[in-house]
Amino acid sequence: MPLLEESTLLGDLSLNIPVIIIGNGPSGMCLSYLLSGHRPYMAPGTVHPNPILHNKLEEGRHFSVVDQDLEYLSEGLEGRSSNPVALLFDTLLHPDADFRFDYPSVLQWKLEKHNSIPHIVLGKGPPGGAWHVMKGSMLTISLDNWMELPGLKLKDWTNSKWRNLMNDRATPEEIASYYKDYVKIMGLQKNFVNNTWVTSVSKLQQDQENVKDKMPKNVKKDITQQLAATENGLTHCLWEVRGYQRIGDGSHVPFRLFTENVVLATGTYDLPARLGVEGEDLPFVFHSISAFESAIKSCKVNQTSDPVLIVGAGLTAADAVLCAYHHKIPVIHSFRRNVTDPGLIFKQLPKKLYPEYHKVYHKMCKQSYTTTTYPNYTSFPESCIVSFQPDMRGILQSASGENIVLNISMALVLIGTYPNLSFLKEHGKYLGIDPSKPISCKRNPIDIDPYTFECTKETSFFGMGPLIGDNFVRFLKGGALGITSCLVKRLKKKGQLISEIGSDEG
């Protein structure tokens, strides 16, 4: 297996790799850490506060968690994720975190290079994924230690950077920098190939002669042998991954890779959700908070401007309201839900930990177009946007059904995002719980086995992170544990546990 250095150009090398991870955000990074041979064990002398789980861990103390029965260990656990393995890994890394206890992890990490599985991680930018495009001074929703990945505490990293976190939450810029450094500090660079765009992922035909005809000579023999291999009488499937890598001079170098296992870890930050109303493509309508920040910096909006129309009831919309409040810019806030809706994210955030978001929620509850409790802020609960007009106006339908014409300086439609899965057939819709709808973190995640994270619609095809509904870094790490455990057990069953890519040096 060729050694992939950090600066590797894939070119059209037609590499055959056991695992390809698409997406280099925290999901893909954590999976790379485990696939590189890092194994979690019950640390000597530790006691988990959950006595039932502690007794189970004691039974397998001499085995890594990866090699144990994850369904057995996670049985009965409850928390803020619907995935049992995510809850298991979280409680091992941060015992009783939901009760604001700061218990140390009960895990001890050991590097077992002989147990590593060759893989590469393909990402459009530097390691960290979407965190590198999240701008502004807003703080993360999660506590800073919930944002960290195995093996490197965030506070240890900040001390090495001569930084000082003044509270228990960090800025997106700090987290992005931490993730970028994590890959280097953990020695994972050789597995990461940046500036890559995947354009297609397809399953190869099972007819071996057809497969041979498609193969370059340098990999034909190896791959057709794998296709001929059987396990329980079933032919192994192979995936072809195509795309291009952007190099320094701006040119694109195509690549073609073959793999037995594909992991989707792209996140869901690629494409903004749209209202689908008339005028949504007008130049004063935007779908990102960064457009608002740019408009403020360029003085296109200010205290004397017409109000900014903010559409949405999530945290990104709340960030936009806070940004406007800080700069004393008038806001009209439209959202579909009733303020008493238990599904509102604000209902799930403790007031003491997230006072700024509860300030926004208080505005949403108290303010309407008939009152003036808060200067520069007007809310329209249970409303919808009918259209945007070229003369800088928005038409809003209120809860009572009345159409209201709004004079605005700009509109921010912040109602969520979708993943860009254009490289899959049907844009990946067939992988969802509801195959008739686009993949969405909240509304239609990829349907997976809850313990192996393998897609129910495709063998040897895995999903993790926001794509399966785990939108917080704290819980997406469970996907790394589940996928690694699944792959290790399959390779051991075949007697083919593969040594690490390249040498043991470095």
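Quick look at the values:
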item	result
Packing rank of 431-442, 171-182, where each peptide gets the mean count of other beta carbons within 10 Å, highest leading	171-182, 431-442
Protection proxy ranking of 383-394, 409-420, 246-257, 317-328 - average other beta-carbon atoms within 10 Å, highest first	409-420, 317-328, 383-394, 246-257
Placed amide H near Y418: partners under 5 Å, 5+ positions off or other chain	D270, L271, A273
Kirkwood Rh, angstrom, the stretch 409-504 [1 / mean 1/r, Cα pairs]	15.1 Å
Residue-level accessible surface for R80, protein heavy atoms, 1.4 Å, Å²	130 Å²
Potential lengthening between H62 and V277 on full extension [0.36 nm per residue; Cα-Cα distance subtracted]	71.5 nm
Estimated vicinal HN-Hα couplings, Hz - the stretch 306-313 in sequence order (Karplus 6.51, -1.76, 1.60; Gly, Pro = x)	4, x, 8, 8, 10, 10, x, 10
Accessible area, probe 1.4 Å, largest first, for residues D470, D449	D449, D470
Low-density loop positions, chymotrypsin sites (Phe, Trp or Tyr not before Pro), the stretch 28-133 - DSSP coil, at most 11 other Cβ in 10 Å	F101
Ranked packing of 458-467, 16-25, 48-57, most packed first, by mean Cβ within 10 Å	458-467, 16-25, 48-57
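The values are calculated or read from the model by the stated rules, or taken from the named source; none is laboratory data. None of these values were measured; they are calculated from a predicted model. Don't worry about glycine lacking a Cβ; one is built from the backbone with ideal geometry, like all the others, and counts go over all protein chains shown. Accessible surface is based on the protein model in full, side chains and every heavy atom, while ligands, DNA and RNA are left aside. Shrake-Rupley method; radii C 1.70, N 1.55, O 1.52, S 1.80 Å.
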